[in-house]
1. Residue separation times 0.36 nm, minus the C-alpha to C-alpha distance between Glu285 and Asp45: what's the value?
2. Three principal axis extents, largest first, for the C-alpha atoms of region 164-309, in Å?
3. Starting from the Cα gyration tensor of region 170-223, multiply each eigenvalue by 5, take the square root, and state the resulting semi-axes largest first in whole Å.
4. Express the relative contact order of region 1-113 as a whole percentage, based on alpha carbon pairs under 8 Å and six or more residues apart in sequence.
5. Report Rg/Rh for the chain, rounded to two decimals, where Rg is the Cα radius of gyration and Rh the Kirkwood radius.
6. So, counting K/R as plus one and D/E as minus one, what does the shell of residues with Cβ under 13 Å around Glu243 add up to?
7. With the contact rule set at Cα under 8 Å and sequence spacing of 6 or more, what percent relative contact order holds for the chain?
8. Show me, for region 71-79, the HN-Hα J-couplings you get by feeding each phi into the Karplus relation (A = 6.51, B = -1.76, C = 1.60, θ = phi - 60°), rounded to Hz, glycine and proline as x.
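Bear in mind these aren't lab numbers, they're just calculated from the coordinates by the rules spelled out. Just so it is clear, the structure is predicted and the values come from calculations on it, not from any experiment. Every residue, glycine as well, gets a Cβ built from its backbone with ideal geometry; the counts of neighbours run over all protein chains shown.
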Amino acid sequence: MEIKAVKFRKDGFYTQPFVFGGEEGTEKFDRNIRYRGALANYLIDTGDGVILVDTGLTAGTPEEKPDENSPAFTGKDISSYMDAFRKLGYEPEQVTKILLTHRHIDHSGELKSFSGAKIYVNREEMNAAELQGIGNIVPVDFSDGPYYNFPESQKICEGVYYIKAKGHTSGNSIVIVEMNGLFYMIHGDITYTDEALYENKLSVVFDDMPAARETLDRVRTFVRNHPTVYLSTHTPLGLENLEANRVVDLDNPPETVFDKYDFVKDEETGKYVCTVCGYVYDPAEHGGVAFEDLPDDWKCPRCKQGKDRFTKA
């Protein structure tokens, strides 16, 4: 069995209020502190089949154009998700299963490109707009009982487990791969940066704060008791952890490398991108109404986050 990273954006950032401010409030943290950001999903080659954990952004999703006030920036395109997937030496028809951590478009964007795969989704996520019109979805009820300190799980195949972990979204899930005496935790967005795992902080993005706190507590308990490689989507630390087989040690975190982003004024398109779910607000599709002219209480139509979660495209 082998785990590989599907890398499609780099050189992004996440501000400290965004990744730490979920429980205590963003005002408690320094918006000038920026942690390194990226976008990568993961592929599990079992030897008998190919399993994807999430499927990146939809091709053509525009890059954000961040400024000094942007809370987050998913990064600059390396390639499309599908090109990154193919660079690993695979074709879509080889994928037998997809395990979706949650509905957000930076995790579910290319599901439709894998029509021959079974797509495993927490049943509580089934009504999500991002999943409509996809016929090869398998709703999961987590009927295999506890997986260590996680109460509900589903065994996908030998060494691969799908685990209920709600909070970030109502149907959030974790994938754990057991291999060579280690536990590889592919967690979607339990944290956006590994620094939040070590500091025990919730991000500002959640459907259910108490459930998100319970899940983070369970994750931290698990990694204290099992040699775990923590594979994140939104930080290059996930890629570095995989490459080095770096095991989480909550008492001795790796040194943080802060992002010194050089803001460049690019030509603006008038579009804005939700840094949470990837929704693109295009004035041309909304009667010509500029994003700046939307009411202050306007919400993202997909994930219901506020205007402050959007960045210029």
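1. On the way: separation 240, 0.36 × 240 = 86.40 nm, distance 4.10 nm.
Stretched fully, the Glu285-Asp45 segment lengthens by 82.3 nm.
2. Reported extents, whole Å, longest axis first: 57, 34, 24.
3. Numbers: eigenvalues 81, 31, 19 Å².
Gyration-tensor ellipsoid for region 170-223: 20, 13, 10 Å.
4. Details: 228 pairs, mean separation 37.4, N = 113.
It rounds to 33 percent for region 1-113.
5. Working: Rg = 18.5 Å, Rh = 19.6 Å.
For the chain, the value is 0.94.
6. On the way: positive: Lys4, Lys7, Arg246; negative: Glu2, Glu240.
Value of the local net charge: +1.
7. Worked out over the chain, it gives 19 percent.
8. Each residue of region 71-79 in turn: x, 7, 8, 5, x, 8, 4, 8, 6 Hz.
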